[in-house]
Amino acid sequence: MSNLLKRLFDKTIEDFDKEFCGETVELLIITLKGVNGAAVLENGYKLPSVNFAACVNIETKEISDVEGRLEWLVSPEESKEKGLIYSFEPYQIHHIRCRKRPFMTLEPYMAEVANNCYRLLEYIGDGQSDSRLEELIAKYLKPVVIKDLIGEFILNRAYSWFEGSIDFNGNKVSIMLNSNKNEKLPPKSFSYLKKFVEDIENRDYKIRKFIVKELWETAKDWIESEREADDLTEEYFYNSLYLEELSISEAGDLTLYYGDKEDIFAGHAIEINVRKNGDIDGATLVG
């Protein structure tokens, strides 16, 4: 089965048809976010998708809160006339007919949702109700908040992370913390954030020193004028850097994004990956 999962831009309609050869079922599903975009297949067809948070099998009446994904094809002609066709508004119950992709052995880079993936065959409507799904919707709409001296962090269920910010060196640093599947509060990622904040001055100093060392030659290449070249020193580079965004996984790994006030890299951010043990994996220009 895994041999059928070609790279998206190499896929054809025939490949897509072969992937989804499992049973056909009718489901009621609820989504936490709508359709934001689509991949493009080799022949110009678009492949939109949307993840659902829970579903009910119409025939068996069984409910499942295992995350799933729904995919469908849109021809170039349909795309011009109807866009991606379906939007799947979040926090509503959608009635669909779909065909499942058979179970497969997942590669290390693949998410578990790949084994709960369906092809949309028919969108039946959004008028059906189910008390269990409605209870879940009410639960999902209820805010989940971590309040602490360092700040307030609100769960974004659509992306399974907590969002908030902290103040550091006169800047507001955006924070994203991975949440755990059982929604136990606070998640482990929050304890890692507190440890980072306790030592933030020292950690920030080491990271900025690392960036200067790693990207010094790159910075010189980006300087356009002689005046800017004269200004560029390691101290000038170091002082231009500031932390603007931080995300932390449940395993304790950090991804940080630094900006530079002097616009050395023309607005590009600098991505830094830091392991749980504090080792820095590299500095990369992004954005």
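Largest GNM mean-square fluctuation among PHE52, PHE190, PHE168, using the chain with Cα springs under 10 Å: PHE168.
Just to confirm the number: angle between the C-alpha axis of helix 131-141 and the first principal axis of the chain, 0 to 90 degrees, nearest 10? Helix 131-141 sits roughly 10 degrees off the main axis of the chain. About its Cα centre, the dipole of segment 37-82 is roughly 140 debye, where the only charges are +1 on Lys and Arg Cβ and -1 on Asp and Glu Cβ. In a simple Cβ point-charge model (Lys, Arg +1; Asp, Glu -1; nothing else charged), segment 228-287 has a dipole of about 340 debye relative to its Cα centre. The portion of the accessible surface of segment 166-225 made up by carbon and sulfur, rounded to a whole percent, is 46 (1.4 Å probe; DNA, RNA and ligands excluded). For the listed residue pairs LYS33/LYS188; LYS80/LYS100; LYS18/LYS188; LYS188/LYS220; LYS46/LYS172, the alpha carbons are over 30 angstrom apart in LYS18/LYS188; LYS188/LYS220; LYS46/LYS172. On the principal axes of its alpha carbon atoms, the chain extends 69, 46, 36 Å, with the longest extent given first. Between the listed residues LEU133, LEU285, LEU47, the Cα displaced farthest toward the positive end of the dipole of the chain, a dipole computed from Cβ unit charges relative to the Cα centre, is found at LEU133. Between the Cα long axis of helix 200-222 and the first principal axis of the chain there is an angle of about 90°, rounded to the nearest 10. The calculated pair-distance distribution of segment 153-287 uses every alpha carbon pair, bins of 5 angstrom beginning at 0, and gives 2, 10, 20, 21, 17, 13, 8, 5, 3, 1, 0, 0 percent. Relative to the globular-protein estimate of 2.2 N^0.38 Å, the Cα radius of gyration of segment 87-176 stands at 1.54. Extension gain for LYS209-LYS82 works out to 40.6 nm (0.36 nm per residue, less the C-alpha to C-alpha distance). Give the distance, in whole Å, between the Cα centre of segment 46-106 and the Cα centre of segment 145-186. Centre-to-centre distance over Cα atoms comes out at 29 Å. The shape of segment 1-120 comes out oblate: with a ≥ b ≥ c from the C-alpha gyration tensor, a/c is at least 1.5 while a/b does not beat b/c. For the chain, the per residue solvent-accessible surface stands at 57 Å², with DNA, RNA and ligands left out and a 1.4 Å probe. Magnitude of the charge dipole for segment 63-159, about its Cα centre and with charges confined to Cβ atoms of Lys, Arg (+1) and Asp, Glu (-1), is about 160 debye.
The values are calculated or read from the model by the stated rules, or taken from the named source; none is laboratory data. In this text, all values refer to a predicted model and were calculated from it rather than measured experimentally. All Cβ positions, glycine included, derive from the backbone under ideal geometry; neighbour counts span all protein chains shown. Each accessible area value is taken on the protein alone, full model and side chains, heavy atoms only, with ligands, DNA and RNA left out. Shrake-Rupley method; radii C 1.70, N 1.55, O 1.52, S 1.80 Å.
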